[in-house]
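The values are calculated or read from the model by the stated rules, or taken from the named source; none is laboratory data. Here the structure is a predicted model, which means the values were calculated and not measured. As a convention, Cβ positions derive from the backbone with ideal geometry for all residues, glycine included, and neighbour counts pool all protein chains shown.
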Amino acid sequence: MQLEAKKLSYRYGCYPWLFREVDFTLSPGEVVGLLGPSGSGKTTLCRILAGYVKPAEGRVLLGGKPITRKGYQPVQLVFQHPEKALNPRWRMRKVLKEAEVEDSILEALGIQSEWLSHFPGELSGGELQRFCVARALGKGTRFLIADEMTTMLDAITQAQIWNAVLNAQKQREMGIVVVSHEEKLVARLCDRVMRLSR
Ligand SMILES: Nc1ncnc2c1ncn2[C@@H]1O[C@H](COP(=O)(O)OP(=O)(O)OP(=O)(O)O)[C@@H](O)[C@H]1O
Ligand SMILES: [Mg+2]
């Protein structure tokens, strides 16, 4: 199963085109970087690839079929700001229960059992992001789109999270898109790189 973008174009309302006719294919086991200056449309492209936003032109196919956000979700998106991605009224235990995450993933991400009874507002940014990553690594995930997933975190936390993700990636042959402004991180993690320009 591949994640394919065919001739994607996007603009917000009548603003200028952000990108035109982007073609992109992500195969199982591949780690691809997505670079580009701020405002070039990386986050917008991530949302389109994950099926949250419809492109103005072109299409996204998953295993040859148009992507949808209904039912089983093989494509998962992780954002830079975990506090915006979590329901403030759900305890972390409930967040994980929905996603069916294996204990080994929680352990690799350094998630402590006492955090499970907390609400999002009671955890630090780094702790919350571990939950967002865990939630995105449920057992059905085949493709992960990491939109500046560790940008706000210290180097040790960043390394721990990426180790956990890359272990899962190898075990399950997941495909990953890595969005980052850190060229070094992208060079270290990625098999190839795609660039958006302004
Ligand atoms: N809802 C919206 N309506 C109009 N313009 C928008 C909207 N959302 C984003 N934009 C604009 O679209 C452009 C691309 O935004 P996007 O968030 O995709 O960029 P990005 O490459 O992810 O930037 P960054 O590196 O800063 O995260 C920006 O100029 C932004 O201001
Ligand atoms: Mg962005």
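Yes or no, residue by residue, for (1) within 16 Å of ligand 1 (Cβ to nearest atom); (2) modelled with pLDDT of 95 or more; (3) basic (Lys, Arg):
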{"residue": "Leu3", "(1), (2), (3)": "no, yes, no"}
{"residue": "Tyr10", "(1), (2), (3)": "yes, yes, no"}
{"residue": "Pro28", "(1), (2), (3)": "no, yes, no"}
{"residue": "Cys46", "(1), (2), (3)": "yes, yes, no"}
{"residue": "Ala56", "(1), (2), (3)": "yes, yes, no"}
{"residue": "Gly63", "(1), (2), (3)": "no, yes, no"}
{"residue": "Gly71", "(1), (2), (3)": "no, no, no"}
{"residue": "Gln76", "(1), (2), (3)": "no, yes, no"}
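(1) without any contact (Cβ under 8 Å) to a residue 24 or more places away in the chain; (2) under 15 Å from the mean Cα position of the chain (by Cα); (3) over 25 Å from Thr44 (Cα atoms): which one isn't true of Ala164, the others all being true?
(1)
For a quick check of your reading of the model, give me the residue pairs whose first member lies in the stretch 76-98 and is closer than 26 Å to Thr44 by Cα, whose second is β-branched (Val, Ile, Thr), with beta-carbon atoms closer than 6 Å and at least 6 apart or on different chains.
Once the first residue is closer than 26 Å to Thr44 by Cα and sits in the stretch 76-98, its partners that are β-branched (Val, Ile, Thr) give Gln76/Thr141; Leu77/Ile145; Val78/Val133; Gln80/Thr151.
Does any residue of the stretch 136-153 turn out to be touching a residue at least 24 places away in the same chain (Cβ under 8 Å), part of a helix (DSSP H, G or I) and more than 25 Å from Lys54 (Cβ to Cβ)?
The answer is no; no qualifying residue exists.
How about the stretch 1-117: which helices (runs of 4 or more DSSP H) wholly inside it have at least 3 residues that are more than 16 Å from ligand 2 (Cβ to nearest atom)?
92-99, 103-108
Restricting attention to the stretch 128-140, report how many residues are buried (at least 19 other Cβ atoms within 10 Å of the Cβ) and either more than 16 Å from ligand 2 (Cβ to nearest atom) or of a type in the set (A, V, I, L, M, F, W, C) (or both). Give the steps one after another, and end with the answer.
Looking only at the stretch 128-140, we keep the residues that are buried (at least 19 other Cβ atoms within 10 Å of the Cβ), and these are 128-137.
Then drop every residue that is not either more than 16 Å from ligand 2 (Cβ to nearest atom) or of a type in the set (A, V, I, L, M, F, W, C) (or both), which leaves 128, 130-137.
Total satisfying the criteria: 9.
Does the stretch 141-197 hold any residues that are β-branched (Val, Ile, Thr) and either farther than 23 Å from Phe24 by Cα or touching a Cys at 6+ places or on another chain (Cβ under 8 Å) (or both), and which are they?
Across the stretch 141-197, the qualifying residues are Ile145, Thr150, Thr151, Ile156, Thr157, Ile161, Val177, Val178, Val179.
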